[in-house]
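Asks: Pasting a structure here, questions to come.
The values are calculated or read from the model by the stated rules, or taken from the named source; none is laboratory data. Quick caveat: nothing in here was measured; it's all calculated off a predicted structure. Neighbour counts run over all protein chains shown; Cβ positions are idealised from the backbone, glycine included.
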Amino acid sequence: MPKASEVKKGEVVRINQQMLQVKQIEVQSPSARGAATLYKMKFRDIQGGGKVEERFKGDDILEKVDLLKRPVSYSYDEGEALVFMDEEDFTQYSVNKADIEDELLFITESIKGVLALIVDDQLIGIELPQSVELEVMDTSPVIKGASASARTKPAEFVTGLIVQVPEYLAVGERVKVNTAEKKFMGRAE
């Protein structure tokens, strides 16, 4: 059983008989001497779908739930849900868009490296790869003479995601975007 300081985003823990998936972790380091570091965690209740917030000290013990990770590929949009197919046994999993609203900004038909998070044969969410390739759909025109300096401009992608990119990029170019930080990483190969 891990300490609160060892729990990572995406993992599933059991608190008060509820299975909760960690959606966000904020670390608060108090300035007083000897005070414990606090971990404010936001969860999604897997059974009920609600949101839960809890605070823990770094050495509080949490009960971790065994999570099976399976490689899946995006199949199709089913209105309120997305359908993913297991790449090994071809099982289809449906997940509500509301449960993966943060991940939706990175999902395109060509996405690779997605993992299904499964608890007790039930899909509870997905894990994205560290980076994805997206095509710039809308951005301001290329500035003539723009260098690879630190000046940036907003770019919108097909999924609705908006990220700051270098000003030399144009509409139609494919770029790599970090999924955890929602930041431009470079041009795609």
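Asks: Quick one: count up the residues across segment 152-189 that are at positive phi and of a type outside the set (Lys, Arg).
Replies: 3
Asks: If we keep just the residues of segment 155-186 that are among the aromatic types (Phe, Trp, Tyr) and in a strand (DSSP E or B), which is nearest to SER110 (Cα to Cα)? Can you show your working first?
Replies: Let us first name the residues in segment 155-186 that are among the aromatic types (Phe, Trp, Tyr), namely 157, 168, 184.
Right, trim to in a strand (DSSP E or B) and you get 157, 184.
Values: PHE157: 14, PHE184: 18 Å.
Among those that are among the aromatic types (Phe, Trp, Tyr) and in a strand (DSSP E or B), it is PHE157.
Asks: With respect to the numbered conditions (1) assigned by TED's automatic domain parsing to the domain that holds LEU115; (2) at pLDDT below 90, which one is the sole condition not fulfilled by GLY50?
Replies: Evaluating GLY50 over (1) assigned by TED's automatic domain parsing to the domain that holds LEU115; (2) at pLDDT below 90 leaves (1) as the failure.
Matching residues to (1) of a type in the set (S, T, N, Q); (2) under 28 Å from LEU169 (Cβ atoms):
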{"position": "VAL52", "(1), (2)": "no, no"}
{"position": "PHE84", "(1), (2)": "no, no"}
{"position": "ASP89", "(1), (2)": "no, no"}
{"position": "VAL95", "(1), (2)": "no, no"}
{"position": "PHE106", "(1), (2)": "no, yes"}
{"position": "LYS112", "(1), (2)": "no, yes"}
{"position": "SER140", "(1), (2)": "yes, yes"}
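Asks: Looking at segment 111-126 only, could you name the residues that are of a type outside the set (A, V, I, L, M) and under 17 Å from SER75 (Cβ atoms)?
Replies: LYS112, GLY113, GLY125
Asks: Using beta carbons and a limit of 6 Å, which pairs, at least six apart or on different chains, have the first residue in segment 15-37 and of a type in the set (Gly, Ala, Ser) and the second one surrounded by 10 or more Cβ atoms within 10 Å (Cβ to Cβ) and part of a strand (DSSP E or B)?
Replies: What qualifies is ALA36/LYS57.
Asks: A further question on this structure: Determine which member of the set VAL114, VAL165, VAL177, VAL136 is in contact with a Phe, Trp or Tyr (Cβ under 9 Å, 6 or more places away or on another chain), modelled with pLDDT of 85 or more and in the same structural domain as TYR93 (by TED's automatic domain parsing). Break it down stepwise before answering.
Replies: On the way: VAL165 fails: in the same structural domain as TYR93 (by TED's automatic domain parsing); VAL177 fails: in the same structural domain as TYR93 (by TED's automatic domain parsing); VAL136 fails: in the same structural domain as TYR93 (by TED's automatic domain parsing).
Just a single option satisfies the conditions, and that option is VAL114.
Asks: Quick one: which strands (runs of 3 or more DSSP E) lie wholly within segment 54-135 and hold at least 1 residues that are charged (D, E, K, R) and either surrounded by 13 or more Cβ atoms within 10 Å (Cβ to Cβ) or touching a residue at least 12 places away in the same chain (Cβ under 8 Å) (or both)?
Replies: Numbers: elements: 68-77, 81-86, 92-96, 114-119, 122-127.
So the answer is 68-77, 81-86, 122-127.
Asks: Conditions first: (1) surrounded by fewer than 16 Cβ atoms within 10 Å (Cβ to Cβ); (2) over 19 Å from ILE100 (Cα atoms). GLN24 passes all but one, so which condition is the exception?
Replies: GLN24 satisfies every listed condition except (2).
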